[in-house]
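A quick write-up on the structure given underneath.
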Amino acid sequence: MDGNKTSSAQVIAEMIGMGFDYTDIMEAIKVAGPSIPSAVEHILNSTARTPKLHAHNGRKKTVLRKQPFRSCRQVRQSKIFDHFHSNDAKEESPQMGVDPNPIVLSEPFEAQDLDIAYDWEQRVSLLMQKHFGFSSLKTFQKEALSAWLAHKDCLVLAATGSGKSLCFQIPALLSGKVVVVISPLISLMHDQCLKLTRHGISACFLGSGQPDDTVEQKAMGGLYSIVYICPETVLRLIEPLQKLAESHGIALFAIDEVHCVSKWGHDFRPDYRRLSVLRENFSASKLKSLKFDIPLMALTATATKRVREDILKSLHMSKETNVVLTSFFRSNLRFMVKHSRTSQASYAKDFHELIQVYGRKQNMTGNEKYFISDDSDHVSNSSDASSISDTDSVSPDDNQDDYAYKDINIMHSGNTDDFLTGRELSVDFLENDVDAFQSVDNSDVTCGEFCVQPAHKEWELSETIDPPKKPEGRLKFLKKPLEQGPAIIYVPTRKETLRIAKYLCKFGVKAAAYNAGLPKLHLRRVHEEFHENTLEVIVATIAFGMGIDKSNVRRIIHYGWPQSLETYYQEAGRAGRDGKLADCILYANLANKPSLLPSRKSEDQMKQAYIMLSDCFRYGMNTSCCRAKILVEYFGEDFSHQKCLLCDVCIDGPPQRQNVKEEACILLQTIGAHNECNNYLDCSYDDDIHFHSKHRGLRERPNLQILVGKIRQQFQKFLTTDILWWRGLARILEVKGYIGEGDDKSCAAECAFLCDLISSFPPYNCRPMFRQNTWSQQNWDWNL
Ligand SMILES: Nc1ncnc2c1ncn2[C@@H]1O[C@H](COP(=O)(O)OP(=O)(O)OP(=O)(O)O)[C@@H](O)[C@H]1O
Ligand SMILES: [Mg+2]
């Protein structure tokens, strides 16, 4: 950006903060130049000389000034322009800071002042410049704000890292009323409050993680511009919120991560479903002083069409809801899938590169306090690993005051002292524990203050960039080495977070485990050090992720199958938020279908979970279609780019075509023969994946492994064929509707149909293919 322009914008923003009128500022800058003292002097002098009315379009307009806090203001919601009444100074917040220079934009506009539409964007631009250091809204942000200005509900669907938060933060700044944000994780609320505070906007969060009892009362008195609340707490605070709406005014209810509303989504949270209370209790018909319902703004980066419909219905959003839909495509993310058994034996091979990037065994001093074990297991099966002796490890930090680190050292050293429960806190103690979003209380971090520390010297943050879109530019982009920045490794179980963190620390990587079972103090510390760029690698369960906004994350590694593509894309979305190239690598055992992690789900939800898991498997098995295309089309987007030119499939190209007619016919016949023997009139099969164990007994469908065994016995030439190859073929046949996997998806065809098909079977390619979640045949890539 042009330096002069920037400084002018800064002068304007500062002066608006001081209470000057925009027109006066512009005039003063024109005469006295973009300097605050000169411009201020100019205005003050000219005002002293000629007191004037601030004419605007022929109508009288009041001079801007800071206004005192009015606790019991009459709610004024009668006109669209009322969103623009003055912003009250907020009292200093001991919890989350204060807006030191509240912007006072102007007195409320008259309804007939049509010029409002003309300059609201300019006002927003100034506010953004002042608070965030950037000045232009993205198109989708403009659309969302326009909906709010029109008192309309709005559903915002935009990619991870695209800037959804701004859509609900700006209304608080513009209107001076409170914006209530419903958010699923305390850690996320804490993160956002911290950021807002740093940007001079008062904010607080309410819920089980709020240690200060007085904050709730202050929030209900309108003291904070933005109030983050977990859904459980909203339900408890309906009455105080109604009072707040009638006194100070509530500009908007924003429901962040709104996919949590839907049981067809990936993070269903039952309390989100009860948020329809917002529409019922904050409507004009319920609160007489309101002329319009308080608008709802629902936001997410991961919602399929079905989830979107569910959101609109469950929250009782208005029929005129504006749906703001942007591309889900993240053009700087390089997606890759690598086959790995993801067991301890694979660590050396799989983390070799990571260790090369982050490891510093030569420089280790013995005083570093990361999660380092003093035992020396599982480093034997790689050349790299075997070169590391016990003395390469750093001894645990002895600082007894450092509670969190002491905890981890206890875990790794096998010390039987227990700091919490009297039981040994060992890796075994957390065995098979998986994290799920059950309630805010048990999967969150209690809050405390994060202190602002100097950033990691090597990782000084630079400007956010727009990744190139044209093929030539993208190819150049791809050739650049990854810049420096931290990595997050997602694993399915708590135990693995500890195991992998421990493994990496052995090689001098500054790594830490993060899962909901670990002490809160430790989790807070990890969070903090991650944001300060002190930690290089976080090994986490799903407890770490949603909404985390750190610009320079360079690698997201999923070590083991995610449970859904939504979760996968959400977590991958933590990478490259600065627009620079970032890697999203999935290491998964392609030879085995993934299994569902234990959770408390209804039968219906289990079926859905099973379908989502199968979609993940297909994503992993895919070798012919651009991975970014699969991901964005999964969310119902028509991927205009066709290819991202970055992912492994785009780079490596699809495998060679083969005519598999013979093998396909043999597989179909073998399934048919098996089912005929069992008097079973369909052509489905089982592939060792069940969403419910009780179904096993009811079925006599052939297992793919048994079928392949039969084929190998019968046909010498297939004796050495790999089960993975047959699985790929089975996927193709399934995609084309010839066979159905043994679950309740009702894809099965009848035997007679099967016989017809065998005789007319065309020579299909042997490329494992991905099936769209839409189940619509038209959307499938036939790839013939
Ligand atoms: N108009 C804008 N211009 C430049 N940067 C912006 C703009 N709007 C937002 N940003 C920046 O984009 C980053 C990501 O914003 P935010 O956390 O709101 O993303 P998000 O869409 O909520 O992502 P997620 O789905 O992961 O929660 C922030 O650091 C923010 O400052
Ligand atoms: Mg967000």
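Values in this text are rule-based calculations from the coordinates and carry no lab data. Small disclaimer: the values here were computed from a predicted structure and weren't measured. Backbone-built Cβ (ideal geometry, glycine too); neighbour counts: all protein chains shown.
Under 5 Å from the amide H of VAL324 lie the amide H atoms of LEU155, VAL156, LEU157, each residue being 5 or more positions distant or on a separate chain, with H modelled from the backbone and absent for Pro and chain starts. By the beta-carbon count within 10 Å of each Cβ, the least crowded to most crowded order of HIS316, HIS266, fewest first, is HIS316, HIS266.
In terms of distances greater than 24 angstrom between alpha carbons, the cross-link table entries LYS152/LYS195; LYS142/LYS263; LYS164/LYS195 yield LYS152/LYS195; LYS142/LYS263.
Under the definition of Cα pairs under 8 Å and six or more residues apart, what whole-number percent is the relative contact order of the range 594-663? Don't skip to the answer; put the middle values down first.
On the way: 43 pairs, mean separation 18.2, N = 70.
It rounds to 26 percent for the range 594-663.
May I ask for the distance between the Cα centers of the range 530-577 and the range 175-234, given as a whole number of Å? Measuring centre to centre over Cα atoms gives 24 Å.
Applied to the range 22-30, the Karplus parametrisation 6.51 cos²θ - 1.76 cosθ + 1.60 on θ = phi - 60° returns per-residue 3J(HN,Hα) values of 4, 5, 4, 4, 4, 5, 5, 5, 4 Hz, with x for Gly and Pro. Report the one residue of PRO211, CYS167, CYS230 whose Cα lies farthest in the direction of the positive end of the charge dipole of the range 137-325 (charges on C-beta: Lys and Arg +1, Asp and Glu -1; origin at the Cα centre). Positive-end residue among those listed: CYS167. Panel order for CYS665, CYS625, by other beta carbons found within 10 Å of each beta carbon, from fewest to most: CYS665, CYS625.
Backbone amide hydrogens, once placed in the peptide plane, bring SER318 within less than 5 Å of ASP153, excluding anything fewer than 5 places away on its chain.
Checking every one of the GluC sites (Glu not before Pro) in the range 278-346 against DSSP loop status and a limit of 12 other Cβ atoms within 10 Å picks out GLU320. For VAL181, nonlocal amide neighbours, meaning residues 5 or more places apart or on other chains whose placed amide H falls under 5 Å from its own, are VAL227, TYR228, ILE229, ALA254. Exposure proxy shown here: for TYR634, TYR358, the number of other Cβ atoms within 10 Å sets the order, fewest to most, as TYR358, TYR634.
Find, among the trypsin sites (Lys or Arg not before Pro) in the range 596-645, those assigned to loop by DSSP (not H, G, I, E, B) with at most 10 other beta-carbon atoms within 10 angstrom.
Loop-located and lightly packed - ARG600.
Using Cα pairs under 8 angstrom and six or more residues apart, how large is the relative contact order of the range 137-325, in percent?
On the way: 341 pairs, mean separation 59.7, N = 189.
Computed value for the range 137-325: 32 percent relative contact order.
Using 0.36 nm per residue and subtracting the Cα-Cα separation, the extra length available between ASP212 and HIS199 on full extension is 2.5 nm.
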